Amino acid sequence: MSESVVLDPVDLHILRLLQNDARTTYREIAAEVGIAASTCLDRVARLRRSGVILGHRLQLDAAKLGRGLQALLSVQVRPHSRELVGTFVERIVALPESRALFHLTGPDDYLVHVAVADTADLQRLVIDEFTSRREVARVETRLIFQQWDCGPLLPLPAAHPRTTPSVRQPP
C-alpha cells in the first residue's frame, strides 16, 4: 500500500477543480484558487511526481459508440493461482469490451465492467471470452440500467477516525 501525501487546502482546491474538468487551464485554476499561474503549474507538477495525479482520461458515451448495453460480470477463477490469474487478467484487460476490472474478496474473484452492442454481443462475449477459458469456473451477469458518477475523490478530513487500531500501553 502506498503512503498518503500531505495536501494543503490549495492542493485540495486544485484537485477538486481538475477532477471536475481536467481541461481547466492553469491560468483558470490559479485565478479560482488565488495563486499565480506559475505556482499552480509547480503544484500540479508536484502532485504528479508524488503520484496523487495519475493521469487524465477522456470520457466517452458508450451508447453513441455502438455499445449501448453495459454489464457487470462476476467471475470465479479456479484454481486461483498466480499463473492462471496473470493470464486471465492480461486477456480481459485487452478485450475492447472491457471498461474496468476489479480483483475481489468473497465468492467471486473478479468483477468486470463491459460495454457491448446488445444482448447477442454480450452472450458472444461471455461464451467466447469467459466461459470458454479453462480457469473460469463461473460467470454471473448483471445488466447496468443506469450509472452515476460520484463527486471528486479527496482525502479524509483530519478529524476522521483512523482505521489503524490504537495500542494501549500497560499501566
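The values are calculated or read from the model by the stated rules, or taken from the named source; none is laboratory data. What you are looking at is a predicted structure, and each value in this text was computed from that prediction instead of being measured. Neighbour counts run over all protein chains shown; Cβ positions are idealised from the backbone, glycine included. These area figures cover heavy atoms from the full protein model, side chains too; ligands, DNA and RNA do not enter into them. Shrake-Rupley method; radii C 1.70, N 1.55, O 1.52, S 1.80 Å.
With respect to the conditions (1) modelled with pLDDT of 95 or more; (2) farther than 17 Å from R133 by Cα; (3) open to solvent by 70 Å² or more (accessible area, probe 1.4 Å); (4) more than 16 Å from the chain's Cα centre (by Cα), P107 falls short on a single one, namely (1).
Being in a helix (DSSP H, G or I) and open to solvent by 50 Å² or more (accessible area, probe 1.4 Å) is the filter here, so list the residues in the range 14-26 that pass it.
The answer is R16, Q19, N20, Y26.
Going through the range 64-97 one residue at a time, which ones are among the polar types (S, T, N, Q) and assigned to a loop (DSSP other than H, G, I, E, B)? S81, the sole residue that qualifies.
Close contacts from the range 117-134, counting a first residue that is farther than 17 Å from I92 by Cβ and a second that is outside any loop (DSSP other than H, G, I, E, B) and open to solvent by 60 Å² or more (accessible area, probe 1.4 Å), with Cβ to Cβ under 7 Å and a gap of 6+ residues or different chains, come to none at all. Does G68 qualify as being in contact (Cβ under 8 Å) with a residue 12 or more places away in the chain and either out of contact with any His (no Cβ under 9 Å at 6 or more places or on another chain) or surrounded by fewer than 14 Cβ atoms within 10 Å (Cβ to Cβ) (or both)? Here the answer is yes, as G68 does meet what is asked.
Residue check: V126 meets all listed conditions (1) outside any helix (DSSP H, G or I); (2) in contact with a Ser or Thr (Cβ under 8 Å, 6 or more places away or on another chain); (3) surrounded by 13 or more Cβ atoms within 10 Å (Cβ to Cβ); (4) not hydroxyl-bearing (S, T, Y) but one, namely (1). Against the conditions (1) more than 30 Å from N20 (Cβ to Cβ); (2) open to solvent by 60 Å² or more (accessible area, probe 1.4 Å), V136 satisfies every one except (2). Does the range 33-51 contain at least one residue that is exposed (fewer than 14 other Cβ atoms within 10 Å of the Cβ), under 30 Å from V112 (Cβ atoms), modelled with pLDDT under 95 and charged (D, E, K, R)? No, the conditions are met nowhere in the range 33-51.
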